[in-house]
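K.L.:
If you scroll down you'll find the structure; I have some questions about it.
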Amino acid sequence: MGSKEKILKNKLFWASAAIASSLLFSQLVLGTPVSVSADTNESTSTQSTQNQAAAFHDMNQHSNESGAGMPNTNAANGVRTFSSAQNGDTTTQAAAQANIQTFAASPLTMMSFTIGNQSVPRTDVVDVASYQGWMTQANFNTLRSLGVKGAVVKASEGTNYQNPFAASEVQYARNAGMTVSMYHYSRFGSSADAVAEANHFANTLDKLNVGKQVNVVADVEGNDVSGDVGGNLNAFWQTLNRRGYTHHVLYTGKYYEYSNAAINTVGKSRTWIADYPYTPSANSMWNQDFGAWQYSSLAYLPGASKSIDVTVDYTGLFTQPNAVTPPAPAYDSISSTKAVSYDATIVNQNTRKDGIYTAAPYHTSATTAISNFDGVNYNNQSVHVQAEATTFRGTYVQVKAQDGKVFWIDKNGTAQFSFDKVVSNKAVNYTATIQQKGRADGIYTAGPYHTSVETSGGNSDATKYNGQKVQVIAEAVTTRAGGTTYNRVKLANGQTFWIDKRGLTTTTATGTSSYDKILTTKSVSYLAIVDQTHRADGLYQEGPYHTSAATAIGNANTKSLNGRLVQVINEATTSRPTHSTYVQIRLGNGKTYWTDKLALTSFSSLSPILSTKSVSYSAVINQKTRTDGLYVDGPYHTSITTLGGNDNAKRFDGQQVHASVEQKTDRGTYVKVQFANGQTYWIDKSGLTVK
């Protein structure tokens, strides 16, 4: 890989001139193989079967950023030279694919060949970048027909560059049936740089939508790579893991300065090693202890004028697709922890929505990795804090709640308060008037002022209710200012809140009120319609208006029943100066209320029950010539719930029942019967055949 764009080092070309004759003599006359270390001036004589090795970093076509160079060939003289390029391909027309290309000012020669040539190592994999932007789908199809099974496509470089041909190269390779891997040309010199480059790489892969199963290759070969290369590379891998790209492969040179540190991060089996013999041979397969070996950058498609980097895949590293596996979980580490002991309150959960975690702080283990919003269940509750722990996300506290549960929560979701204590609390029942002249009291739903988080914020909302009559239902003394009394009051609309007792006035010094007396009461049973067209009567559950503290506050709630049919079940007169008559009404849903009798109109009598007796006999429902109704609450037309006629008895025609009660009304005799399933109904006795 590396840079076909980088200017071939003078140390490789011109400095080698001084030893050219001796090297050439060694190679051609004595037959001694010579290897040249990558990116060094050193030449060494070796008695091995391996041929001479060229500097891979100056030959491959990997780097695209400013300052790089790329090779071109001169058709006239067959000499391979280098010219400067930035993010582009300025290769001139290459010479015909001869067996040998010669570098200027160097006696060393490097063999070029056509892919498919049986005399050189096989080509399992090619790697492509923007320099191969000339390649078409037909070219990739040809490669596949020649036995190429994998393609490694450049995605990115540094923190800015993206290969503009990557999308088409990936698509062409996959269309041809090749396994695709992706590589990033690395330039990082620190852990922070490595993280930034990994995120740039991952962002590019996400944009290309190549899938998380691809191999992701870190190309570590450049001169600007520095520092703790192994540590920085591990930060690079960890960042890719977090982004879901877990199939890591290293590309580096056999003699690269940092190769050992880099290889140690993945192992040899996951390393793609670059090592270029000047004369590659199928009989001399180098680097078989690595996953794959890139052996040349001078391979050509049949009839093509531009070269491609080629590789032998020893282990299926680039030719066997990876299984789609979930990324390894990366949990937060706990940097510090300490035992503490203080009380606090869980606050602001309606907006914060913190999670609570039993085992440990959030995202420090598998059991705490899934977020939740359960802190809202403890909003404004007092807790005891037992421990604090810090992760990179912040500080978490371990708390014990009032229900005995122990869990961790973000410390920012708690607060330490000192509240007033409630010394005494008792139920009372009298009426009073909110009096805010010269005052601006607060009102609090959850309890007396400053006895909890919810009541700690002052307000002056009592002024909104100035002059309103209220029912006082509770009285509490707190530790505020040596002992302050608060009352819980109930408004006419049912709303309740606490207020300073000094913000109320009562009709008597004893805190009681003079209520109307009930003079007469009687049971009745008739129907009526609620008529509030020109009225605004009150509705009371506990009794007639102003006969108790619970009924002392007027309202206009009868308007909500306007036009409804109701059953009147009781009448009462009170000592109110108007000598009003109040009626207790029953709605169709069974609820009962008291209201002024003048709120009703269109009275209609119900059928009276004339007699009742217990019986015990069996009978059969007989509806052959009848259509009787069935009623749950009593005989037909004796209450508001039995007014509507029905013919439901027909559904039970022929079923046996047991009779237990008979009642006579002005409409006939009705029987309470029980069916086999235990249900009971009232039915006209004429609809039964008694056994």
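The values are calculated or read from the model by the stated rules, or taken from the named source; none is laboratory data. Please read all numbers here as calculations on a predicted model, not as lab measurements. Please note: Cβ atoms are built from the backbone with ideal geometry, for glycine as well, and neighbour counts cover all protein chains shown.
K.L.:
Go over the candidates 598, 587 one by one and state the one that is modelled with pLDDT under 95 and within 57 Å of the chain's Cα centre (by Cα). Spell out how you get there, then give the answer.
P.N.:
On the way: 598 fails: within 57 Å of the chain's Cα centre (by Cα).
Selected residue: 587, the only one of 598, 587 that is modelled with pLDDT under 95 and within 57 Å of the chain's Cα centre (by Cα).
K.L.:
Of the residues 372, 425, 380, which single one is within 19 Å of residue 348 (Cβ to Cβ) and either touching a residue at least 24 places away in the same chain (Cβ under 8 Å) or more than 28 Å from the chain's Cα centre (by Cα) (or both)? Working first, answer last.
P.N.:
Values: 372 fails: either touching a residue at least 24 places away in the same chain (Cβ under 8 Å) or more than 28 Å from the chain's Cα centre (by Cα) (or both); 425 fails: within 19 Å of residue 348 (Cβ to Cβ).
The unique qualifying residue is 380.
K.L.:
Can you pull out the residues in the stretch 420-436 that are loosely packed, with under 14 Cβ neighbours inside 10 Å and part of a loop (DSSP other than H, G, I, E, B)?
P.N.:
Step one: filter the stretch 420-436 for residues loosely packed, with under 14 Cβ neighbours inside 10 Å, giving 421, 423-424, 426-427.
421, the sole residue that qualifies.
K.L.:
May I pose another question? Being touching a Phe, Trp or Tyr at 6+ places or on another chain (Cβ under 7 Å) and modelled with pLDDT under 95 narrows it down to one of 363, 384, so name that one.
P.N.:
None of the others qualify; the one that does is 363.
K.L.:
Checking the structure you have, find out if any residue of the stretch 283-296 is polar (S, T, N, Q), closer than 24 Å to residue 207 by Cα and either touching a Lys or Arg at 6+ places or on another chain (Cβ under 8 Å) or not assigned by the TED database to the domain that holds residue 139 (or both).
P.N.:
No: the stretch 283-296 contains no residue that is polar (S, T, N, Q), closer than 24 Å to residue 207 by Cα and either touching a Lys or Arg at 6+ places or on another chain (Cβ under 8 Å) or not assigned by the TED database to the domain that holds residue 139 (or both).
K.L.:
Would you check which residues across the stretch 606-631 are of a type in the set (Gly, Ala, Ser) and assigned to a loop (DSSP other than H, G, I, E, B) and list them?
P.N.:
Passing the criteria: 607, 629.
K.L.:
What residue, of 304, 274, 323, is aliphatic (A, V, I, L, M) and not assigned by the TED database to the domain that holds residue 252? Don't jump to the end; show me each part of the working.
P.N.:
Numbers: 304 fails: not assigned by the TED database to the domain that holds residue 252; 274 fails: not assigned by the TED database to the domain that holds residue 252.
After ruling out the rest, the residue left standing is 323.
K.L.:
Could I ask something else about it? Tell me which helices (runs of 4 or more DSSP H) are completely within the stretch 172-264 and hold 3 or more residues being in contact (Cβ under 8 Å) with a residue 60 or more places away in the chain and of a type in the set (Lys, Arg), or say none if there are none.
P.N.:
By residue number, no helices (runs of 4 or more DSSP H) qualify.
K.L.:
Now, a different point. Give the residue, chosen from 323, 330, 299, 292, that is out of contact with any helix residue (DSSP H, G or I) (no Cβ under 6 Å at 6 or more places or on another chain) and surrounded by fewer than 17 Cβ atoms within 10 Å (Cβ to Cβ).
P.N.:
Being out of contact with any helix residue (DSSP H, G or I) (no Cβ under 6 Å at 6 or more places or on another chain) and surrounded by fewer than 17 Cβ atoms within 10 Å (Cβ to Cβ) holds for just one of 323, 330, 299, 292, which is 323.
K.L.:
Further question on the same structure: Would you point out which residue out of 543, 538, 554, 563 is of a type outside the set (A, V, I, L, M, F, W, C) and within 20 Å of residue 641 (Cα to Cα)? Show your work before the answer.
P.N.:
Values: 543 fails: within 20 Å of residue 641 (Cα to Cα); 538 fails: within 20 Å of residue 641 (Cα to Cα); 554 fails: within 20 Å of residue 641 (Cα to Cα).
Going through 543, 538, 554, 563 in turn, the sole match is 563.
K.L.:
While we're here: Does residue 528 qualify as being in contact with a Leu (Cβ under 6 Å, 6 or more places away or on another chain), within 30 Å of residue 582 (Cα to Cα) and either surrounded by 13 or more Cβ atoms within 10 Å (Cβ to Cβ) or not acidic (Asp, Glu) (or both)? Before you say what the answer is, go through the steps one by one.
P.N.:
On the way: in contact with a Leu (Cβ under 6 Å, 6 or more places away or on another chain): yes; within 30 Å of residue 582 (Cα to Cα): yes; either surrounded by 13 or more Cβ atoms within 10 Å (Cβ to Cβ) or not acidic (Asp, Glu) (or both): yes.
Yes.
K.L.:
Pick from the stretch 371-392 the residues that are assigned to a strand (DSSP E or B) and of a type in the set (Ser, Thr, Tyr): which of them is surrounded by the most Cβ atoms within 10 Å (Cβ to Cβ)?
P.N.:
Checked the stretch 371-392; the qualifying residue surrounded by the most Cβ atoms within 10 Å (Cβ to Cβ) is 391.
K.L.:
Sticking with this structure for a sec: Could we say that residue 663 is outside the structural domain of residue 531 (by the TED database), part of a strand (DSSP E or B) and touching a Gly at 6+ places or on another chain (Cβ under 8 Å) here?
P.N.:
Answer is yes for this residue.
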